[in-house]
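Working notes for the structure below.
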Amino acid sequence: MKNFRFTCPTTFVFGKGVEAEAGKEVKKYGTKVLLHYGGGHIKKDGLYDRIVQALKGENLEVYELGGVKANPDIGLVREGISLCKNEKIDVILAVGGGSVIDSAKAIGIGRYYDGDVWDFFTKKTPVEKMMPLGVVLTIPATGSEASNTTVVTNSENGHMKRALSHECLRPDFALMNPELTYTLPAYQTAAGGVDILSHIMERYFTNEEDCELTDRQCEALMKTVIKQLPVVMEKPEDYAARAEVMWAGTMAHNGVLGVGRVEDWGSHMLGHELSAYYDMTHGATLSIIIPHWMEYVYQNNIARFVKYAVDVWGIENDVFHPEETAVRGIQKTKEFFKSLGLPVSFVDAGIDGEKIEEMAENCTKFGSVGHFIKLNKEDCVQIYQASL
Ligand code: NZQ
Ligand code: ZN
């Protein structure tokens, strides 16, 4: 196990009705709050009204910025920064999923910077601090409610979707009511579930030995999501199953599963290009890439893929043919993604291979990606081609 340092300062308030505590929590950080949200689902189901009531009930001054798109764009982030600077806003409350939270994180760092916020994403300027940020989570998926990362798209200068990580990007608190996820369309539930699995896999597939505790934590989380996802697809209002998936999403990406080991992240980098070029849902890029990434890399460490097949999928280990056991685990993964109604190829997603070279070039612009195996441009081309 490698040396590590791990801090996750976010406070989680979990359970039925916890969004009613929004006012009390926000008040700890100031009196002027920016309420940030997406395309409007929160207005359909009454959540917006409940949040505004909770904020006004504590005499907070509420400013609003809605309209965050999935794969959030830098344009709205800039608007949010101006609003926060001009109105001297103290704290942001993000109500939604990863896109809204990430947009809020970018606003929160841009607020203290005189230049263009995109400079942080191109690494021209180092990040130092973020405004206080609270979250009301409405989709379990990205783990952004506790992660140290924000992912933003810049559609002005070509196709660029970039992740930025820094410890100051972790929210101060997250209000997590599994009931709020009942209204999720099946596709978003499935895509979110695959994103959760992917965050575990990006850490589980490591060449680091002697990380037994975190291996087992990873396996427990993967098995939980694999068990509960079909339940919530079938019964969207099953509270117990929704709660398991929601908490798994946070645990998958708050960093605890990555301690003591080298994480991978190659699949995410390949997937981000699909979102940048085709505006695809993040989880649906991963349901395509992950099985093909696995097929491309498993021979590098067959023992790890055998462990995955046996300990996660319950496949019997064929000791004389470990490679076959490993391959069966990969097949199971692909079948599971398909059974959720997600694409597992470019064809399923209705896209062609025209941009493969360009995506591979963009993906490796700053060097190779991934650590389980380092992928160069040609490797990326091959994985995309296998995904056709
Ligand atoms: O726009 P609204 O009205 O909010 O609707 C959203 C959106 O259309 C809808 N939705 C959310 N909760 C709902 C709901 N609809 C009905 N009922 C509800 N309760 O779902 C759609 C997708 O929302 P979005 O926020 O885009 O989904 P997600 O949470 O999957 O976020 C995806 C973004 O996060 C990034 C992704 O790349 C992508 O840009 N990621 C962020 C990470 C991080 N910050 O740590 C890590 C991840 O790996 C990921 O890259
Ligand atoms: Zn992800």
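Worth pointing out:
- Here Thr206 clears all of (1) of a type outside the set (A, V, I, L, M); (2) within 15 Å of ligand 1 (Cβ to nearest atom); (3) at pLDDT 95 or above except the condition numbered (2).
- Restricting the first member to the range 74-98 and to residues that are farther than 19 Å from Gly40 by Cβ, and the second to residues that are among the polar types (S, T, N, Q) and buried (at least 21 other Cβ atoms within 10 Å of the Cβ), the beta-carbon pairs closer than 8 Å and six or more apart or on different chains are Ile74/Thr153.
- Condition met for Ile51 (in contact with an Asp or Glu (Cβ under 9 Å, 6 or more places away or on another chain), within 17 Å of Phe173 (Cβ to Cβ) and of a type in the set (A, V, I, L, M)): yes
- Taken together, Glu25, Glu21 contain a single residue that is touching a residue at least 12 places away in the same chain (Cβ under 8 Å) and touching a Phe, Trp or Tyr at 6+ places or on another chain (Cβ under 6 Å), which is Glu25.
- Cβ-Cβ under 7 Å pairs, at least 6 apart or on other chains, the range 37-49 side part of a loop (DSSP other than H, G, I, E, B), far side polar (S, T, N, Q) and surrounded by 14 or more Cβ atoms within 10 Å (Cβ to Cβ): Gly38/Ser99; Asp45/Thr183
- Extreme residue, surrounded by the most Cβ atoms within 10 Å (Cβ to Cβ), among residues of the range 229-243 that are without any contact (Cβ under 8 Å) to a residue 24 or more places away in the chain and not β-branched (Val, Ile, Thr): Ala241
- Strands (runs of 3 or more DSSP E) contained in the range 111-174 and holding at least 1 residues of a type in the set (D, E, K, R): 160-165
- Selection status of Met222, on the phi < 0 side of the Ramachandran plot, modelled with pLDDT of 95 or more, away from ligand 1 (no atom under 14 Å from the Cβ) and within 16 Å of the chain's Cα centre (by Cα): yes
- Exclusive hit being within 11 Å of ligand 1 (Cβ to nearest atom) and within 21 Å of Val344 (Cα to Cα), set Leu229, Leu274, Leu270: Leu274
The values are calculated or read from the model by the stated rules, or taken from the named source; none is laboratory data. Keep in mind that this is a model prediction, so the values were computed, not measured. In this analysis, Cβ positions are derived from the backbone assuming ideal geometry, glycine residues included, and neighbour counts consider all displayed protein chains.
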